[in-house]
Amino acid sequence: MAGKRYLMTPGPTPVPPEVLAAIAAPVVHHRSPDFRPIYEECLGRLKQVVRTEHDVLLFTASGTGAFESAVANLTSPGDRALVVSAGSFGERWAELVHLKLEWGATPEPAELREKLEEAGGAKVVYLVQSETSTGVVADVQALAAVAKEAGSLVVVDAVSSLGAVPLEADAWGVDVVVSGSQKALMTPPGLAVASVSPAALEAAAGSTTPRFYFDWARTRAAQHKLDAPFTPSVPLVAGLNVALGLLLEEGLEAAFERHVRLGRACREGAKAMGLELFSPDEDRSAVVTAVRSPEGIDAKDVVRLLRDRFGITIANGQGPLIGKIFRLGHIGWFDVFDIATQLGAVELALAELGAEVERGVAVTRALETFADAARV
């Protein structure tokens, strides 16, 4: 019998069967009466999840496409922008002014204030809320406040955090939130979103940077007519609409609390094996748990063994952390038994690779931690 496969990375993430069923339905035309109600409902639900009264633009692209739109629409040649990074995804934008921190560090508001003063301000500040390469979740509310004090527009990369940890676009003064479908939004890869504030739209109107596919004005004008400027991925939009419905039915606060409990259970299980965490041991780190591989064991071997022997896909480290850490995802359609499965497999893999691991201790600690959190 073919082995069962488990997708337990920080993205893509598992997709609920209701979402898969919507994606598998017969394709309808994107300008037909069959699609428009789905499109309208999906756009409205995105506003609820982003917690904004303003437009949320939907693109057929990865989350990186939405982030590129936030560069192309907000900046012109010669503008100063500042990127705050402490990992792989923030460093994608490092050709702009860069506040570069050590991988695994948590960006602090004081550091951002100092960098803005040193740079003489910035038109736009780009922040990463959840850095999946390290497991760090930044305090976006505090960082955004510093950026707004300096007169900057604020763009937040929420590709892996939207729907998993609190994010209040309007209340926190975030001008642009970008995200993707394939993480906590429980949909296959291929859709990107960008919420845009009035201030962001005003800046975009004055930007001279060339853009076409990711032009906000073109996309916004089409969406106001329940249209799309270019052919969207109709099946993915239908699936995302169902996934957003599931998330809102659970309730955002309940989803945030579930992710906190899952992260806590995963961290405690890893520590019970005697492993050292790389990601911070705090409830805010509820998206992915990054764990240092034991001395003498290459994390690549852990990842390979879990995949080939047990059908479980977890993530290796990135950049300078390749082979040094492995990452256990728990965003989106996850429950505590997924955590137990991951940890049990890690126990088996590490033991086979020569580590001294007490069998069953990680799973027991994780289940106890999850249960204790429910009683608090």
Legend entry - Leading residue by the ranking (surrounded by the fewest Cβ atoms within 10 Å (Cβ to Cβ)) among those in the stretch 324-346 that are of a type in the set (D, E, K, R) and within 17 Å of residue 368 (Cα to Cα): 335
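Residues are listed down the side, and each one gets a yes or a no for (1) buried (at least 17 other Cβ atoms within 10 Å of the Cβ); (2) modelled with pLDDT of 95 or more; (3) within 20 Å of the chain's Cα centre (by Cα); (4) within 30 Å of residue 368 (Cα to Cα):
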site	(1), (2), (3), (4)
232	yes, yes, no, no
239	yes, yes, yes, no
242	yes, yes, yes, no
245	no, yes, yes, no
250	no, yes, yes, yes
255	yes, yes, yes, yes
259	yes, yes, yes, yes
264	yes, yes, yes, yes
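For the stretch 298-314, enumerate the residues that are part of a loop (DSSP other than H, G, I, E, B) and surrounded by fewer than 18 Cβ atoms within 10 Å (Cβ to Cβ). Can you show your working first?
Step one: of the stretch 298-314, the residues part of a loop (DSSP other than H, G, I, E, B) are 298, 311, 314.
Answer for the stretch 298-314, where residues must be part of a loop (DSSP other than H, G, I, E, B) and surrounded by fewer than 18 Cβ atoms within 10 Å (Cβ to Cβ): 298, 311.
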Legend entry - Cβ pairs under 7 Å, 6+ apart, first in the stretch 211-234 and closer than 16 Å to residue 200 by Cα and free of Cβ contacts under 8 Å to residues at least 40 places away in the same chain, second assigned to a loop (DSSP other than H, G, I, E, B) and not hydrophobic (A, V, I, L, M, F, W, C): 218/229
Inset, instruction - Kindly indicate the residue of the stretch 279-297 that is more than 18 Å from the chain's Cα centre (by Cα) and part of a loop (DSSP other than H, G, I, E, B) and also nearest to residue 319 (Cα to Cα) among those meeting that condition. - result: 293
Inset, instruction - Looking only at the stretch 326-376, count how many residues are of a type in the set (Phe, Trp, Tyr) and either touching a Cys at 6+ places or on another chain (Cβ under 8 Å) or within 13 Å of residue 275 (Cβ to Cβ) (or both). - result: 1
Inset, instruction - Taking the options 174, 136, name whichever one is in the same structural domain as residue 67 (by TED's automatic domain parsing), within 14 Å of residue 54 (Cβ to Cβ) and surrounded by 24 or more Cβ atoms within 10 Å (Cβ to Cβ). - result: 174
Inset, instruction - Would you confirm whether any residue within the stretch 355-376 is touching a strand residue (DSSP E or B) at 6+ places or on another chain (Cβ under 8 Å) and within 15 Å of residue 301 (Cβ to Cβ)? - result: no
Inset, instruction - Within the stretch 308-335, work out how many residues are more than 15 Å from residue 5 (Cβ to Cβ) and either of a type in the set (Val, Ile, Thr) or without any contact (Cβ under 8 Å) to a residue 12 or more places away in the chain (or both). - result: 3
Legend entry - Top-ranked residue in the stretch 1-58 [being in a loop (DSSP other than H, G, I, E, B) and hydroxyl-bearing (Ser, Thr, Tyr); ranked as nearest to residue 233 (Cα to Cα)]: 32
Legend entry - Number of the condition not met by residue 240 [criteria: (1) under 30 Å from residue 22 (Cβ atoms); (2) outside the structural domain of residue 75 (by TED's automatic domain parsing); (3) aliphatic (A, V, I, L, M); (4) in contact with a strand residue (DSSP E or B) (Cβ under 6 Å, 6 or more places away or on another chain)]: (2)
Inset, instruction - Out of the residues in the stretch 243-256 that are outside any loop (DSSP other than H, G, I, E, B) and free of Cβ contacts under 8 Å to residues at least 60 places away in the same chain, state the one that is farthest from residue 16 (Cα to Cα). - result: 253
Inset, instruction - Report yes if some residue within the stretch 83-100 is assigned by TED's automatic domain parsing to the domain that holds residue 157, in a strand (DSSP E or B), of a type outside the set (Phe, Trp, Tyr) and at pLDDT 95 or above; otherwise report no. - result: no
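Would you mind finding the one in 75, 52, 60, 13 that is within 30 Å of residue 310 (Cα to Cα) and buried (at least 16 other Cβ atoms within 10 Å of the Cβ)? If you could, list the steps in order and put the result at the bottom.
Values: 75 fails: within 30 Å of residue 310 (Cα to Cα); 52 fails: within 30 Å of residue 310 (Cα to Cα); 60 fails: within 30 Å of residue 310 (Cα to Cα).
Only one candidate passes the filter, namely 13.
Kindly evaluate residue 138 against the criterion of being over 19 Å from residue 179 (Cβ atoms) and either of a type outside the set (D, E, K, R) or touching a helix residue (DSSP H, G or I) at 6+ places or on another chain (Cβ under 9 Å) (or both).
Values: over 19 Å from residue 179 (Cβ atoms): no; either of a type outside the set (D, E, K, R) or touching a helix residue (DSSP H, G or I) at 6+ places or on another chain (Cβ under 9 Å) (or both): yes.
In short, no.
Can you confirm whether the stretch 20-34 contains a residue that is of a type in the set (Val, Ile, Thr), in the same structural domain as residue 156 (by TED's automatic domain parsing), within 28 Å of residue 139 (Cα to Cα) and surrounded by 16 or more Cβ atoms within 10 Å (Cβ to Cβ)? If you could, list the steps in order and put the result at the bottom.
Quick first cut of the stretch 20-34, residues of a type in the set (Val, Ile, Thr) only: 23, 27-28.
Next, from what is left, pick out any that are in the same structural domain as residue 156 (by TED's automatic domain parsing): 23, 27-28.
Now restrict to residues that are within 28 Å of residue 139 (Cα to Cα): none.
No, the stretch 20-34 contains no residue that is of a type in the set (Val, Ile, Thr), in the same structural domain as residue 156 (by TED's automatic domain parsing), within 28 Å of residue 139 (Cα to Cα) and surrounded by 16 or more Cβ atoms within 10 Å (Cβ to Cβ).
Per-residue answers, yes or no, for (1) within 17 Å of residue 135 (Cβ to Cβ); (2) assigned to a loop (DSSP other than H, G, I, E, B); (3) not assigned by TED's automatic domain parsing to the domain that holds residue 270:
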position: 320; (1), (2), (3): yes, no, no
position: 327; (1), (2), (3): yes, no, no
position: 334; (1), (2), (3): yes, yes, no
position: 340; (1), (2), (3): no, no, no
position: 357; (1), (2), (3): no, yes, no
position: 367; (1), (2), (3): no, no, no
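The values are calculated or read from the model by the stated rules, or taken from the named source; none is laboratory data. What you are looking at is a predicted structure, and each value in this text was computed from that prediction instead of being measured. Positions of Cβ are backbone-derived with ideal geometry, glycine not excepted, and every protein chain shown enters the neighbour counts.
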